[in-house]
Amino acid sequence: MTTTEAATPTIGPADALLFELLATPEGRADPYPRYAQLREHWPVHRLALEIPGSSAGTWVLTRFDHCQAVLRHPRVGKDFNAMQRRWGLSGEELAAQQTFSSERPSMLFSDPPDHTRLRGLVSKAFTPRTVEALRPHIVRLADEVLDAIGEGEVNVMAALAFPLPVSVIGEMLGVPAADRPQFQRLVRASAAALEPFVSAEVLEAANGATLEMEDYFRHLVAERRRSPGDDLLTQLIAAEDHGDQLSTQELLSTAILLFAAGFETTTNLIGNGLLALLRHPDQLERLRRDPGLLPSAVEELLRYDSPVQVNGRIAGDEIEIDGHAFPAGATLLILQGAANRDPRRFPDPDRLDVGRADGASMSFGTGIHFCLGAALARVEGQVVFGRLLERYGRIELLDDSPSYRDSITLRGLAELPVRLQAA
Ligand code: HEM
């Protein structure tokens, strides 16, 4: 086992690349060439910069096999606060690291046994079988949204990519339609805390947004208690009533997580995916001619420009991966977008191929936190791209370089203006 980089790293070309990726509009617009350089030259890189709250060091991983090994490792976890306390962080360091996630544990930021319990309470609603039964309904919802759009110039992000996923998860959870739009702003503010480097102001805004969402769900829970529905929230309330299965705070955090994760990422699958197809007209036409390719096309669009680019873990003990040693308490940043373009895993990785059959990408993660909503997101993607191509004979990109929103963990477009012409 070797320690691959000096204990006191100096700022070098890999850090410069990471700075471009994380902090410049050019890096955001096209992270992939920078990912490739990192993956080929510095696949396991220790950051020169110390992130507040991670004094054991932060490493950035970009190769598929390394990322997979971290996410599946039994001694890495996600309960950042508990681990950091265990590894002797000062109160000050911990305070600097306080985020909504660590204060308000949900399955996304907990380790077994809490993770197993929280995930188990809702997992049945998201199995491929349950979700498949929803497909006809999702088709109807998609058609309603597309009917409202009609033809002509449209910003896909506002008119389709947000309204459809938020309706699907909103109905499953039991959030009334009129209340849904306000959540886009709130979820974005709170998800900003998932970025690798977060300022105090961003963190404060994230916490504020989370509190607002908690307030909303506290009221909705009270209402559902009075008149139960046929929805997930009602099921969660029943679990809370059963005593030790779910605390009130966990109920609120779970509702917020399901709602937020249910639309923010799928929105970006629709936006990033449609942009990729429009930039590869041969692949778009291939899919139009052969809708049987929709399942593999959605997998490929997820791989090609993943809605989630960055994931994170903390080492619970000293661990070793492929000869690289990481000390207990090390923060491990997993660049999923880079792993998805690893030529060792995906031949000719920069080519978009809607018929690709190379197996799952890293976009839904892997291991115990593998995306709970993967089957739902897949069906939504298949329905959206299928209905778009069936209904519109021509889809024209009106801005060759639409800009990405100011975040790297969740990668998505600010706007996607297109012109639609019926088939
Ligand atoms: C294209 C769309 C989506 C992408 C790319 C995506 C991606 C991910 C990723 C990468 C993770 C793993 C995080 C980790 O390893 O720490 C995750 C977890 C999760 N996702 Fe998704 N997701 C999508 C859609 C959805 C949908 C529609 C839902 C519906 C509720 C959902 C709910 C969740 C939940 C609850 C978790 C936490 C699972 C756990 O911690 O055990 N996701 N997602």
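The stretch 376-423 and the stretch 281-310 have their alpha-carbon centroids 11 Å apart. Annotation: amide H-H contacts under 5 Å for Val308 (H modelled 1.01 Å from N, sequence separation of 5 or more, or interchain): Arg411.
The local environment of Pro281, defined by Cβ-Cβ distances under 11 Å, has a net charge of +1 under the rule Lys, Arg +1 and Asp, Glu -1. Considering only the other residues whose Cβ falls under 13 Å of the Cβ of Ile408, what net charge follows from Lys and Arg at +1 and Asp and Glu at -1? Net charge in that neighbourhood comes out at -2.
Tell me whether the stretch 254-293 comes out rounded, prolate or oblate; compute the Cα gyration tensor, take square roots of the eigenvalues as a ≥ b ≥ c, and use a/c under 1.5 as the rounded threshold. Verdict is oblate for the stretch 254-293.
Backbone geometry of the stretch 332-337 corresponds, through the Karplus equation with coefficients 6.51, -1.76 and 1.60 at θ = phi - 60°, to 3J(HN,Hα) couplings of 10, 9, 9, 8, 4, x Hz, x marking Gly and Pro.
Farthest toward the positive end of the dipole of the stretch 268-423, out of Ala423, Leu277, Gly412, is the Cα of Ala423, where the dipole comes from beta carbon charges about the Cα centre. As a calculated quantity, the FRET efficiency between Phe19 and His219 at R0 = 51 Å, using C-beta atoms, amounts to about 0.75. Label the stretch 142-247 by shape, choosing from rounded, prolate and oblate, from the square roots a ≥ b ≥ c of the eigenvalues of the Cα gyration tensor; if a/c is under 1.5 it is rounded, and otherwise prolate applies when a/b is larger than b/c, oblate when it is not. In terms of gyration-tensor shape, oblate. Basic side chains Lys and Arg get +1 at the Cβ, acidic Asp and Glu get -1 at the Cβ, and with that the dipole of the stretch 221-294 about its Cα centre reaches some 420 debye. Most tightly packed first, judged by the mean number of other beta-carbon atoms within 10 Å of their residues, the peptides 65-78, 329-342, 306-319, 130-143 read 329-342, 306-319, 65-78, 130-143. Within the listed set Ser227, Ser361, Ser190, the residue fluctuating most in the Gaussian network model of the chain (springs between alpha-carbon atoms under 10 angstrom) is Ser227. Convex hull volume of the Cα atoms of the stretch 217-334, normalised per residue: 194 Å³. Using a simple spin-label model with pseudo-atoms 7 Å out from Cα toward Cβ, Asp317 and Phe197 lie 3.4 nm apart.
Two tests apply to each whole DSSP H helix in the chain, Cα reach of 18 Å or more along its axis and mean Kyte-Doolittle hydropathy of at least -0.5, and the ones passing both are 128-149, 248-279, 374-391. The loop-placed GluC sites (Glu not before Pro) in the stretch 15-65, going by DSSP, that have at most 15 neighbouring Cβ atoms within 10 Å of their Cβ come out as Glu50. With point charges of +1 on the Cβ of Lys and Arg and -1 on the Cβ of Asp and Glu, referenced to the Cα centre of the chain, which listed residue (Asn207, Leu21, Thr254) lies farthest in the positive direction of the dipole? The listed residue farthest towards the positive side: Thr254. Within the stretch 228-252, find all residues whose amide N lies under 17 Å from a label point positioned 7 Å from the Cα of Arg117 along Cα-to-beta-carbon. The answer is 236-252, whose backbone nitrogens lie closer than 17 Å to the label point. The per residue volume of the convex hull around the alpha-carbon atoms of the chain is 136 Å³. Give me the distance between the Cα centres of the stretch 229-262 and the stretch 111-127, rounded to whole Å. Each part's Cα centre sits 11 Å from the other's. Compared with the direct C-alpha span, the chain from Asp348 to Lys124 gains 76.9 nm at full extension, assuming 0.36 nm per residue. Pick out which of Pro113, Pro128, Pro347 has the largest mean-square fluctuation in a Gaussian network model of the chain, springs linking Cα atoms closer than 10 Å. Result: Pro113 has the largest fluctuation of those listed. In this Cβ point-charge picture (+1 for Lys and Arg, -1 for Asp and Glu), the stretch 109-257 has a dipole of about 360 debye about its Cα centre. Length available on full extension from Arg419 to Asp399: 0.36 nm per residue minus the Cα-Cα distance, which gives 6.2 nm. For the chain, the Cβ-based charge dipole about the Cα centre amounts to some 800 debye (Lys, Arg positive; Asp, Glu negative; other atoms uncharged). Near Glu20: Cβ cut-off under 12 Å, other residues only, Lys/Arg at +1 and Asp/Glu at -1. The net charge is -1. For the chain, adding -39500 (n - 2.57) for each run of n ≥ 4 DSSP H residues and dividing by the number of residues yields -16000 deg cm²/dmol at 222 nm.
Coordinate-derived values only; no laboratory data. Given the structure is predicted, the values throughout are model-derived calculations rather than measurements. As a convention, Cβ positions derive from the backbone with ideal geometry for all residues, glycine included, and neighbour counts pool all protein chains shown.
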